[in-house]
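Colleague: Structure provided below as structure tokens; questions to follow.
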Amino acid sequence: MEVIQAPERTHDAEELLRINAPLVTEWLVEFLRDEMIRRRGFYRAVVGLSGGVDSSVTAFLCARALGAENVWGIRMPYRTSSTESLEHAQLVIDQLGIHSRTIDITPAVDGYLQYEPDADGRRRGNVMARMRMIVLFDLSAKLNALPVGTGNKTERLFGYFTWHADDSPPINPLGDLFKTQVWQLARYLGVPEVIVSKPASADLIVGQTDEDDLGISYHLADQILYFLLRGYRVEQIEEMGYPREKILLVKARLESTHWKRHLPTTAMLSTTSINDYYLRPVDY
Amino acid sequence: MKIRVVAVQFKPRKGDVEHNLDRVAEILRQIVEDGVPADVVVFPETITSGYFLEGGVREAARTREQILEALVKRYLPFARPEPLDVVLGFYEVWHGKYYNSALYLTLSAQSESCRTVHTHRKFFLPTYGVFQEKRFVARGRNIEVFPTRFGPATVLICEDVWHSITGAIAALKGAEVFYVIAASPGRGFHGESVGNAMKWQQLLCNMAEEHGVWVVNASLVGFEGGKGFVGNSMVVNPFGQVVVSAPLMREAMITATIDTEEIAIARANAPLLADLEAGLADLLIEMQEIAAEQHARHRQ
């Protein structure tokens, strides 16, 4: 009798991370309309356009959800920002036909840093990121618009953002999409290829790239995160063929940054402690 | 017996019971005034408040008498001469506890004829992942079948139908129509449709086909704190085929005329329910053995 064996179980994370981009687009467009218009009564959005893929995808989604005439792309260069970032943001502005503003944050950032001339690159980056949020929120107040966040799931899981800066907008359409899934969505939406295929960079320090900072490629990180988030142990993921040191790197980043994904830790004293006992969902 | 059913999916305003009851009434008005064919109108789980309330259940919960009274008051000004049955989900306070419940009501042009036919309290409370029901509501203890103007029916809520045993109990008790109300937040965007919408269709079709029953499903839509409910309400015939379905995400109502005479035809073609009845005594002993064994294991 013929013996038919089951194939060796493979963990094709590329396949597992594949998304149905048209459906995700439809879902996120509905999310934006629902959360902005129906729930909060805002018809306009402001998006900080960095020239990178996350903010580009966010702008594309906002334009679909609200109409290009209701979206403002805000470019906020610092003097060390690459000119390429400005140009790439302009590609998005031109392609979508959204409004745009360019606010040079150099005087504001340097105005503070003159008192802290010894600030290292990390501190300077934090000041820039927080200044950008001040600009976005101020312009949103001026325009009667809502700032829309652009953080993706990978950087959120890595804590690779400035607390109360890039994570501060009240709504975020991309926060449950890994970086490699954002790339898929970007290609479906028609984000210019030059933006999708360039190395991701926070553009806070000259020449810096995310993958250099993190010590791992997004492709590999997303696959490892996929399994870690489902509760697979390091040994199991290693058995699938992933390098142990990369798994440990991802795990360490993930586990050391839980605090960045929560509101400030509050000392509990009562049985009505907010978010511990007194529990209401964000939209209640 | 032919029953004209309507399943309605809309996004409730979070925690605003009065507003949501107004919307339920608006939709009933549309059905009456536009002459939408309807004997039974089915609304989703927790339509009076939205689903994810956490501790807000305490504020949004109502008694079934309050819900009936509120709907009767709204319905009477435009009531049609013949009765109209309504199924809807709400957070209930009953005998000092909170429940995730469903009502089957009959509304009439005379307030004294309006009544609650049946109350189902959700049996299986999801408390995993994004769900926290057991933390905030108590579990119902019955899967019941009740007589309606159109024959025996049951009402099940969401996770109730993820366990095939509840459908089996309702079918064994004689239910011919299953009213299934749900609030299912979308997860899984790899396939042709949203993952859990596909899973729901599979569940409802399997349940209808296995027991030879009609299934009328109404599911919530709209986003609550970033969690989007899929909608995709549907009516499934006793052969396990979808007769009509509503779109994903968007507010809509679907209508169908269901014919309970098709139940006998379906069951004659696939007499699974009769086979289940025949094997019931043995199955019961098996189940008792499993329960006793599990009970004993926990004492070790």
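Colleague: If you scan the range A:195-218, which residues turn out to be in contact (Cβ under 8 Å) with a residue 60 or more places away in the chain and either open to solvent by 70 Å² or more (accessible area, probe 1.4 Å) or acidic (Asp, Glu) (or both)?
Modeller: Hits for the range A:195-218 are A:203, A:205, A:206.
Colleague: Against the definition (open to solvent by 10 Å² or more (accessible area, probe 1.4 Å), at pLDDT 95 or above and among the acidic types (Asp, Glu)), how does residue A:30 come out, yes or no? Show your work before the answer.
Modeller: Working: open to solvent by 10 Å² or more (accessible area, probe 1.4 Å): yes; at pLDDT 95 or above: yes; among the acidic types (Asp, Glu): yes.
In short, yes.
Colleague: Kindly evaluate residue B:23 against the criterion of being among the charged types (D, E, K, R) and under 22 Å from residue B:230 (Cα atoms).
Modeller: Details: among the charged types (D, E, K, R): yes; under 22 Å from residue B:230 (Cα atoms): yes.
When the stated conditions are applied, residue B:23 passes them.
Colleague: Okay, moving on. Which one is farthest from residue A:30 (Cα to Cα) among residues in the range B:228-248 that are within 14 Å of another protein chain (Cβ to nearest Cβ) and crowded, with 18+ Cβ neighbours inside 10 Å?
Modeller: Filtering the range B:228-248 for residues within 14 Å of another protein chain (Cβ to nearest Cβ) gives B:228-232, B:247-248.
Narrowing further to those that are crowded, with 18+ Cβ neighbours inside 10 Å: B:228-232, B:248.
Values: B:228: 9, B:229: 11, B:230: 11, B:231: 13, B:232: 15, B:248: 11 Å.
In this case the residue turns out to be B:232.
Colleague: Show me the strands (runs of 3 or more DSSP E) found entirely inside the range B:1-117 where at least 3 residues are open to solvent by less than 10 Å² (accessible area, probe 1.4 Å), in contact with a helix residue (DSSP H, G or I) (Cβ under 8 Å, 6 or more places away or on another chain) and modelled with pLDDT of 95 or more.
Modeller: Numbers: elements: B:2-9, B:40-42, B:84-94, B:97-107.
The strands (runs of 3 or more DSSP E) meeting that bar are B:84-94, B:97-107.
Colleague: List, please: which pairs have Cβ atoms under 6 Å, are six or more places apart or on different chains, and start with a residue in the range A:266-281 that is more than 10 Å from chain B (Cβ to nearest Cβ) and in a loop (DSSP other than H, G, I, E, B) and end with one that is open to solvent by 70 Å² or more (accessible area, probe 1.4 Å) and of a type in the set (A, V, I, L, M, F, W, C)?
Modeller: A:276/A:268
Colleague: Could I ask something else about it? State whether the residues of the range B:178-200 include one that is more than 24 Å from residue A:22 (Cβ to Cβ) and open to solvent by 10 Å² or more (accessible area, probe 1.4 Å). Let's see the steps before the verdict.
Modeller: Of all residues in the range B:178-200, those more than 24 Å from residue A:22 (Cβ to Cβ) come to B:178-183.
Next cut, open to solvent by 10 Å² or more (accessible area, probe 1.4 Å) only: none.
No, the conditions are met nowhere in the range B:178-200.
Colleague: Could I ask something else about it? Does residue A:126 fit the bill of being in contact (Cβ under 8 Å) with a residue 12 or more places away in the chain and either among the aromatic types (Phe, Trp, Tyr) or open to solvent by 10 Å² or more (accessible area, probe 1.4 Å) (or both)? Break it down into steps so the answer makes sense when it comes.
Modeller: Values: in contact (Cβ under 8 Å) with a residue 12 or more places away in the chain: yes; either among the aromatic types (Phe, Trp, Tyr) or open to solvent by 10 Å² or more (accessible area, probe 1.4 Å) (or both): yes.
When the stated conditions are applied, residue A:126 passes them.
Colleague: For the list (1) closer than 27 Å to residue A:174 by Cα; (2) out of contact with any Leu (no Cβ under 9 Å at 6 or more places or on another chain), I need the number of the one condition that residue B:202 fails.
Modeller: The number of the failed condition is (1).
Colleague: For the range A:146-155, indicate whether the set of residues that are part of a helix (DSSP H, G or I), open to solvent by less than 20 Å² (accessible area, probe 1.4 Å) and at pLDDT 95 or above is non-empty.
Modeller: Yes, because at least one residue in the range A:146-155 is part of a helix (DSSP H, G or I), open to solvent by less than 20 Å² (accessible area, probe 1.4 Å) and at pLDDT 95 or above.
Colleague: Also, quick follow-up: Could you check the range A:76-109 and list, in sequence order, the residues that are open to solvent by less than 40 Å² (accessible area, probe 1.4 Å) and not aliphatic (A, V, I, L, M)?
Modeller: Hits for the range A:76-109 are A:77, A:78, A:81, A:85, A:88, A:106.
The values are calculated or read from the model by the stated rules, or taken from the named source; none is laboratory data. Only a predicted model underlies this, so the values are computations on that prediction, with no experimental measurement involved. All Cβ positions, glycine included, derive from the backbone under ideal geometry; neighbour counts span all protein chains shown. To get the accessible areas, we keep the full protein, side chains included, count just its heavy atoms, and leave off ligands, DNA and RNA. Shrake-Rupley method; radii C 1.70, N 1.55, O 1.52, S 1.80 Å.
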